[in-house]
Amino acid sequence: MNDVLWQPTADHSMLHARAQVLAQVREFFAERGVLEVDTPVLSHFGVSDPHIDSIPAEFTPSGAKQGQAMYLMSSPEYAMKRLLAAGSGCIYQIAKAFRNGEAGSRHSPEFTLLEWYRVAYDLPQLMEEVAQLLSLLLAPRLPDLQWQFWTYQQAFEEILGVDPMLLSAAQLQSLARQHIDIAMPDDTPRDTWLDLLMSHCLEPALPEACFIYNYPASQAALARVKKDSAGHAVARRFEVYVQGLELANGYHELTDAQEQAQRFAQDNETRGELDKTPMAVDQRLVHALQEGMPDCAGVAMGLERVLMLANGKKDIAQVLAFDFNRA
């Protein structure tokens, strides 16, 4: 009996659907004068984000006895920001990305990110552009999407009837245990309870097409932090959901080099608390910010998830030529 693992996991129609989406993306940005760029997949630095694990690689020069530790990039973000600091202007990239530990019906260790940066855009402008692109790409199956724009606080109030900005870790723990059957230690961090409530309770109950923005400042990642109308410190970032599936994550980008270095250090402290290996700080990004990166907003969109929604597929393997198990 022949081994079936040589066969593709996507059928021919999906190969054509992917090609069409890529063509639509390139036309969309060409019409707007956004430059397509290409940055390395292999880097001397991984990411420090405690919720993302880079896949290590090793480069061994010919004849050398010892290799050099490198990483497959989890996102082209750092390299693209270095281009922005060098004066590239508005840019986008269709990039292969790699993340350790992520495999399942919605995740693949290797996947395709569409990432773009708009100079002089704020968060509302970028959210509007993301909505325009997704409306175009999803039109074959979801032609009449009605976009909603909710703050993180509003989402919790609408669905769970609570203000997440005011609840303590103990209160969030109690709320989570009312709604989720999960065993977690009592000293689980506050943000973990928030994430559990978001994934288990909010995401399935969101409007069909919804942006969530102004996350807690503790979840800023690489976004700016500012005060909202109620005086709460919030991260100027958003996530996009269609039919409960997260498609994109965007920021009003941090441009302060000193703040960036501090966040790298905080990431590594958190990694230590989670028994994860600290990551070497990417000083090349810090130096680029020191030189001056323009005010901009950026977003990363998972193209396989867009393809899944646009074609009614439930498993990411169905939109990959060869999934992880057949690579």
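One table, with the values for the structure above:
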read-out: Failed item, numbered, when Ser218 is tested on (1) touching an Asp or Glu at 6+ places or on another chain (Cβ under 7 Å); (2) among the polar types (S, T, N, Q); (3) more than 30 Å from Ala297 (Cβ to Cβ); value: (3)
read-out: Given (1) among the acidic types (Asp, Glu); (2) surrounded by fewer than 17 Cβ atoms within 10 Å (Cβ to Cβ); (3) at pLDDT 95 or above, number of the condition Asp275 does not satisfy; value: (3)
read-out: Verdict on Leu247 being aliphatic (A, V, I, L, M), in contact (Cβ under 8 Å) with a residue 40 or more places away in the chain and surrounded by fewer than 20 Cβ atoms within 10 Å (Cβ to Cβ); value: no
read-out: Any hit, the stretch 79-89, residues being within 30 Å of Asn325 (Cβ to Cβ) and either touching a helix residue (DSSP H, G or I) at 6+ places or on another chain (Cβ under 6 Å) or not small (Gly, Ala, Ser) (or both); value: no
read-out: Selection from the stretch 59-100 of residues that are outside any loop (DSSP other than H, G, I, E, B), surrounded by fewer than 21 Cβ atoms within 10 Å (Cβ to Cβ) and among the basic types (Lys, Arg); value: Arg82, Lys96
read-out: Residues located in the stretch 207-219, provided they are within 17 Å of Met127 (Cα to Cα) and not charged (D, E, K, R); value: Pro207, Ala209, Cys210, Phe211, Ile212, Tyr213, Asn214, Tyr215
read-out: Test set (1) modelled with pLDDT of 95 or more; (2) surrounded by 19 or more Cβ atoms within 10 Å (Cβ to Cβ) - Val47 fails condition number; value: (1)
read-out: Candidate set: the stretch 50-77, residues that are under 18 Å from the mean Cα position of the chain (by Cα) and among the β-branched types (Val, Ile, Thr); chosen: the one modelled with the lowest pLDDT; value: Ile52
read-out: Among (1) modelled with pLDDT of 95 or more; (2) exposed (fewer than 10 other Cβ atoms within 10 Å of the Cβ) - the single one Val21 does not satisfy; value: (2)
read-out: Tally of residues being in contact (Cβ under 8 Å) with a residue 24 or more places away in the chain and in contact with a strand residue (DSSP E or B) (Cβ under 7 Å, 6 or more places away or on another chain) across the stretch 222-244; value: 12
read-out: When residues of the stretch 138-162 are limited to those that are closer than 17 Å to Leu175 by Cα and touching a residue at least 60 places away in the same chain (Cβ under 8 Å), the one surrounded by the fewest Cβ atoms within 10 Å (Cβ to Cβ); value: Gln153
read-out: Helices (runs of 4 or more DSSP H) enclosed by the stretch 120-203 - at least 3 residues per element that are closer than 30 Å to Gly292 by Cα; value: 123-138
read-out: Candidates Leu194, Leu167, Leu202, Leu175, filtered to the one that is within 25 Å of Gln260 (Cα to Cα) and modelled with pLDDT of 90 or more; value: Leu194
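The values are calculated or read from the model by the stated rules, or taken from the named source; none is laboratory data. Source: prediction; values computed, not measured. Cβ sites come from the backbone with ideal geometry, for glycine too, and all protein chains shown count toward neighbours.
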